[in-house]
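Any read-out appearing in this document is the output of simple, stated calculations on the displayed coordinates, not a laboratory observation. Because the structure is predicted, anything quoted here is derived from the model rather than measured. Don't worry about glycine lacking a Cβ; one is built from the backbone with ideal geometry, like all the others, and counts go over all protein chains shown.
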Amino acid sequence: MDETLIKKLTAIVESQKQLEDDLSKVDISSDPNKYAEMAKKHSDMSSIVELFRQWETLTSDISDAEELLNEETDEEMKSEYEDIIKNSTAEIENIVTKIKVGLLPKDPSDEKDVLVEIRPGAGGEEASIWVGDLFKMYSRFAERNSWNVEKIEMTDSDMGGYSKVIFAIKSKGVYSKLKFEAGAHRVQRIPKTESQGRVHTSIATVAVLPEAEEVDIDIDQNDLKVDVYRSSGPGGQSVNTTDSAVRITHVPTGLVVSCQDEKSQLQNKEKAMRILRARLLKARQDEAEAERAKNRKEQVGSGERSDKIRTYNYKDNRVSDHRINLTLKKLDQVLDGDLSDFIDALIADNETTRLATLEE
């Protein structure tokens, strides 16, 4: 570990001690938000400090072993000291990598809930059916992690699929796990409607948006154009016979959001505002960070068959993520929500890339 990094870590240790002192003086009842912010900062520091202490211990062990090795004449004991040095050195390399990852700038949205939008791309009705399959996959992944899923909008297509699915997943750190799922998901399979037994290729696009609170995005009501109209999809009597559907246009950006799933115009407006806030927050983040997509269309791609991040092949029971060249023959398990292998690999790849950029 170089001197610059050691000095930085030493400073973090001192800052943590000061923060512990400050925490003891904060009145939780009078300023709970400030206390929560300081407690989170302390927690983030603690993981780095613990790694630094492990590094110091291992460094000391190596130094002691090297000193004893130089003085030792017994070959068996020499071998033991050499093993200590070798194993501790390997462990140190792992710890230094973890420290560097821990020091990388945090994505401010990583702790947020998400809104997920899934829409059909190329492939006609089969693409719409694939939208529903992806929704089930993410719902089951959420269940595996004890996350809460809330349906926002489910717009049916003609043959049992969906022309649009929007849902929320709520839990701490959801965005950090799911943000790499954004893009075009390609499926290769024989559709139920295919009489010749031919394999078709279809696409559904997934957008993953951090859910914005009102404190994150201040929307001027004068910037909104709100239209109401009669719902056109299937539903109860009041859904189809009253002007309960809502379309909101954010005039400065041209963003348009519509919602018609609820019977109440007010409920539809509230859901549409949630989606609008999330899209505006994402657009603002995109402008601030050059490495991210600049708008939702770039995030999900064009929806063409050649434009994909992952392919799901039914014939071979195979799923391939093209960004990290990872292929697993467990399609059935993946569609049942077993996404951890892909998500963990994508997070690790992102950390490696960011570290390389930082070191350059």
* To do: Mind telling me which of GLY102, GLY161, GLY337 comes out most flexible in a GNM of the chain, alpha-carbon contacts under 10 Å?
  => GLY102
* In a GNM of the chain with a 10 Å cut-off on Cα contacts, which of VAL114, VAL96, VAL187 has the highest mean-square fluctuation? -> VAL96
* In debye, nearest 20, what is the charge dipole magnitude of the chain about its Cα centre with +1 on Lys and Arg Cβ and -1 on Asp and Glu Cβ, if you could check? => 2900
* To do: Give, as a single signed number, the net charge of other residues whose beta carbon lies under 14 Å from the beta carbon of TYR162, with Lys and Arg counted +1 and Asp and Glu -1.
  => -4
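Tell me, VAL226, VAL116 in order of fewest to most beta-carbon neighbours within 10 Å?
In order of increasing Cβ crowding within 10 Å: VAL226, VAL116.
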* Using only Cα atoms, what Kirkwood radius does the chain have, in angstroms? -> 24.1
* To do: Report relative contact order for region 3-103 in percent, whole number only (criteria: Cα-Cα under 8 Å, sequence separation at least 6).
  => 27
* **Contact order relative to length of the chain, as percent, for alpha carbon pairs under 8 angstrom and 6 or more apart** => 15
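If you wrap region 3-103's Cα atoms in a convex hull and average its projection over all directions, what's the area in nm²? Mind dumping the intermediate values first?
On the way: hull surface 31.4 nm².
Directional mean of the projected Cα hull area for region 3-103 stands at 7.9 nm².
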* To do: Quick one: P(r) of region 50-179 from all Cα-Cα pairs, 5 Å bins, percents rounded to integers, in order of increasing distance.
  => 2, 9, 13, 11, 9, 8, 7, 6, 6, 7, 7, 5, 4, 3, 2, 1, 0
